[in-house]
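Shown next, in structure tokens, is the structure this report addresses.
Just so you know, all these numbers are worked out from the coordinates, no wet-lab data involved. None of the values given here were measured: they were computed from a predicted structure. Quick reminder, even Gly has a Cβ in these numbers, built from the backbone with ideal geometry, and neighbours come from all protein chains shown.
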Amino acid sequence: MRAAVTFPRRARTMLAAFAVAWDRLWFAKQTTLPLELARIGIGAALLLNYGSASPHILEFWGEAGWMPQAVAAHYADDPWMQSIFFYFTLPWQFVAFHAVFLASCAAFMVGWRTSWFKWIVFIGEVSYDRRNLVLAYGVDEILCSLLFILCLAPTGRALSLDRWREIRVARRSDRAAPPPYASAWTGACIRLIQLQMATLFFYSAINKIRGDDWWTGDAMWFVFSSTDYYNRFLLDLFASHYWLVNVATYTTLLIEIAFPFLIWQRATRPYLLAAAIFLHIQIGIFMGMPYFSFVMIMGHMSFVQPQWLERLGAALKQRFGGIKTLYAERPTIGSPRIEAG
């Protein structure tokens with residue numbers, strides 16, 4: 001009889017512990033600071049990328065360009081694969097939307113009316129990506145995923161013109177500045193981006209270890225001797241010091257394997273984050289993929305802890321004196337406690 005009574009109690013205890021762990025994993029109350037860093041960087045990357053493509057908008061996405069509507073419709077056989085460009089027929093419509101999109105990217109970057117403009121940026125990125133599949137590659141899919149999460153998240157609450165305007169209105173009304181925003185939903189959105197970045201590294205590592213070149217340590221030689229990523233400087237260096245090929249190959253593999261497992265621990269997070277950023281800087285410089293590398297680094301900003309930014313803000317204040325940063329504001333009495341994830 002006692003065992004029969006004890007079992008339901010143990011089951012309830014286990015379920016309660018699971019619920020607490022689940023809540024801590026997904027819904028820890030956090031500020032939007034990591035998301036704001038990603039917002040600023042992604043907005044700047046989109047503005048620069050599509051701004052540089054402005055002279056070729058009709059060539060890249062227009063009816064008389066690389067991929068006419070009939071060809072695009074043939075590849076977009078999935079009804080969910082939509083693009084606003086599918087419904088444009090006149091050149092001025094493409095130009096008008098492109099101008100609105102670039103303005104929205106700028107507003108998204110500086111955090112002005114973020115709750116509205118972030119959706120225009122997301123719809124625009126998806127539309128460009130689906131209209132000409134010849135131009136699209138992996139970074140566009142990553143961008144679409146990151147933008148969708150940023151649209152769902154309460155972005156624009158810090159490091160933004162929206163936040164500055166909120167503080168200014170409070171001061172004009174002789175009221176205390178509202179405390180930094182924090183919510184459980186913010187924590188969930190940050191966790192979604194973190195899981196996406198960890199998953200990307202995990203599958204990248206799995207794909208690499210399937211190749212013999214990564215086991216033998218020769219992969220970097222074949223990468224930079226290929227026509228896609230040919231780099232004469234690195235090849236001359238590797239030819240003189242071939243052991244560098246082995247070091248670069250195994251270091252890349254080690255970072256990508258370790259990242260999905262060690263990035264979650266507080267003790268190892270700074271080192272894995274620095275290693276991932278360093279890896280993408282090398283990819284951007286030596287493989288000629290700065291756009292991809294920068295977007296990936298912005299995704300990794302989800303692992304930045306607010307305490308790091310507070311220490312940085314304090315150091316800048318001490319160094320330059322009197323510099324006020326929005327992210328360094330402390331919550332007022334009675335404001336929610338902020339926990340780092």
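Values as computed for the structure displayed
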quantity: Extension gain (nm, one decimal) between Y242 and E310, 0.36 nm per residue minus Cα-Cα; calculated: 20.2 nm
quantity: In range of the label at K317: residues from segment 23-37 whose backbone nitrogen is under 11 Å from the point 7 Å along Cα→Cβ; calculated: none
quantity: Selection from H98, G156, M67, by position along the positive dipole direction of the chain (Cβ); calculated: G156
quantity: Sequence ranges 179-186, 293-300, ranked by mean other-Cβ count within 10 angstrom, highest first; calculated: 293-300, 179-186
quantity: Global geometry of segment 30-182, whether rounded, prolate or oblate, following the gyration tensor of its Cα atoms and the 1.5 cut on a/c; calculated: prolate
quantity: Residue-averaged 222 nm ellipticity for the chain, from DSSP H runs of 4+ at -39500 (n - 2.57), nearest 500; calculated: -22000 deg cm²/dmol
quantity: Calculated mean projected area of the Cα convex hull in nm² (choose from (i) 18.4; (ii) 16.5; (iii) 26.6), label; calculated: (iii)
quantity: Extended-chain gain in nm, criterion 0.36 nm per residue less alpha-carbon gap, E59 and D213; calculated: 51.5 nm
quantity: Sites A99 and L262, calculated FRET efficiency, Cβ-Cβ separation with R0 51 Å, nearest 0.05; calculated: 0.70
quantity: Gain upon complete extension [Y271, R171; 0.36 nm per residue less C-alpha separation]; calculated: 31.9 nm
quantity: GNM flexibility winner over the chain from V245, V169, V110 (Cα, springs under 10 Å); calculated: V169
quantity: Estimated dipole of the chain in Debye, rounded to 20 [Cβ of Lys and Arg +1, of Asp and Glu -1, Cα centre]; calculated: 2220 debye
